[in-house]
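Structure first, commentary second.
Coordinate-derived values only; no laboratory data. Note that the coordinates shown come from a computational prediction; the quantities given were computed from them, not determined experimentally. When we count neighbours, we look across all protein chains shown, and the Cβ atoms used for this are built from the backbone with ideal geometry, even at glycine.
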Amino acid sequence: MREIKPNERKIVMQSKTMEDESGKCGHLSRRSFLKLTSTAAAAGVFGESLFGSLVYADALGKEKRDKMTPDEILAALKRGNKNFSKGLRTSRNYLNEQKATAKGQFPAAVVLSCIDSRAPAEVIMDLGIGDIFNARVAGNIANDDILGSMEFACKVAGAKVVLVMGHTGCGAIKGAIDNVELGNLTGLLAKIKPAVKATTFKGELSSKNAAYVNAVAQKNVELTMTDIRKKSPVLAELESKGMIKIAGSMYNLDTATMNFFA
Ligand SMILES: [Zn+2]
């Protein structure tokens, strides 16, 4: 095993080192793990928030959240995903976060994302308990109940960012393209179909064409953002006053990275 330099904090978190050590990802011996953790402690890695001055270390406190602008919160979400995509993560104690949030919550954002098991918002943005409201529905569409939830999140509870997150390879998008009919899913997919119609794409218009599926998914995020502004005067007003920001993003399942857009 090669020497770990103190400033190489990535190494502590990444499975590549585990591969180096054992030839098999995730199978680090206890002795090697202790060696790594002590090196990390010496380098000041554990216990140090990767968010720097924003410090989500335990849970986001009201004062801390209220001081942040919507742009600063968006920047923190971007940084969180950057950490995740590089194999880094904030060292956190979930029980501390649970205790810190038990009597109240002051989340910074509300994220609307797909139910897809591979796109858990908190994990892929390196967030903890109490950091965000998390609304999930297949195809990340905004129906009346989701809009009501977002209005609660922003107007009542003080969240400052509404982030709609689509993702590549989305099964709901493929279902809408293929006109799948199944129980209540039929009605849900009908809400995605406007995105299928609105997508301009040169190439094979098929659910087997990943580029086309992703283009529809991106359009679906854009239309959902439009829907939010159109169907929620409450959120539209908060945005026009600069109190919140409504943003969109696409999460790439292959690269672990999120692409943010306004
Ligand atoms: Zn999906």
* Asked: What residue, of 240, 207, is more than 20 Å from the chain's Cα centre (by Cα), among the polar types (S, T, N, Q) and away from the ligand (no atom under 16 Å from the Cβ)?
  -> 240
* Are any of the residues in segment 93-110 under 25 Å from residue 227 (Cα atoms), surrounded by fewer than 21 Cβ atoms within 10 Å (Cβ to Cβ) and not hydroxyl-bearing (Ser, Thr, Tyr)? -> no
* Any chance you could count how many residues in segment 56-91 are more than 24 Å from residue 164 (Cα to Cα) and surrounded by fewer than 18 Cβ atoms within 10 Å (Cβ to Cβ)? => 2
* **Selection within segment 233-255 - surrounded by 15 or more Cβ atoms within 10 Å (Cβ to Cβ) and of a type in the set (Gly, Ala, Ser)** => 236, 247, 248, 249
